[in-house]
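Student: Quick one: structure below, then a few questions.
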Amino acid sequence: MTTEPKSFRILLVPEHVEDSGGASMEDSAVRTAVVEATGETGASGYPRYSGNGIVADIDPSTRTVEAVLVDGSELDYGLTARVTAS
């Protein structure tokens, strides 16, 4: 039996951040949010998580963001969504 995590922390990070000079991913993020499971499945087929203006479909086994909306809009070009444990 597999249980899905109840929440994740999503970090919105500029794509050009490859070598952060020792800074953590959280230090490089332009926005962070803790998202919680909604009990719904998103259009991508993965569980939906929501919180603090971010709605994301996340594959809980790989912690991959399959779809994301930020304040009701698609993610701006040049940003990536990363997932960490909440």
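Student: Would you kindly state the longest site-free stretch of the chain, with sites defined as GluC sites (Glu not before Pro) in a DSSP loop (not H, G, I, E, B) surrounded by at most 10 other Cβ atoms within 10 Å?
Tutor: Working: sites that count: GLU15, GLU18.
Between the exposed loop sites, the longest stretch runs 19-86.
Student: Net charge near TYR49: determine it from the other residues with C-beta under 13 Å of the C-beta of TYR49, scoring Lys and Arg +1 and Asp and Glu -1. Don't jump to the answer; show the numbers that get you there.
Tutor: Values: positive: LYS6, ARG9, ARG48, ARG63; negative: GLU4, GLU36, GLU40, ASP57, ASP59, GLU66.
Residues near TYR49 contribute -2 overall.
Student: A follow-up question, please. With an 8 Å cut-off on Cα pairs and a minimum separation of 6 or more residues, tell me the relative contact order of the chain in percent.
Tutor: On the way: 168 pairs, mean separation 27.0, N = 86.
Once normalised by length, the contact order is 31 percent.
Student: Below 9 angstrom from the Cβ of VAL65, what's the summed charge of the other residues (Lys, Arg +1; Asp, Glu -1)? Before the final figure, lay out each step's value.
Tutor: Working: positive: ARG63, ARG82; negative: ASP57, ASP59, GLU66.
Summing Lys/Arg as +1 and Asp/Glu as -1 gives -1.
Student: Around ILE10, under 9 Å between beta carbons, what's the net of Lys plus Arg minus Asp minus Glu among the other residues?
Tutor: Numbers: positive: ARG9, ARG31, ARG82; negative: none.
Taking every Cβ under 9 Å from that of ILE10, the sum is +3.
Read-outs: derived from the displayed coordinates by stated rules, not from any lab. Predicted, not measured: the structure shown is a model, and the values here were computed from it. Counting neighbours? That spans all protein chains shown, and the Cβs are built from the backbone with ideal geometry, glycine included.
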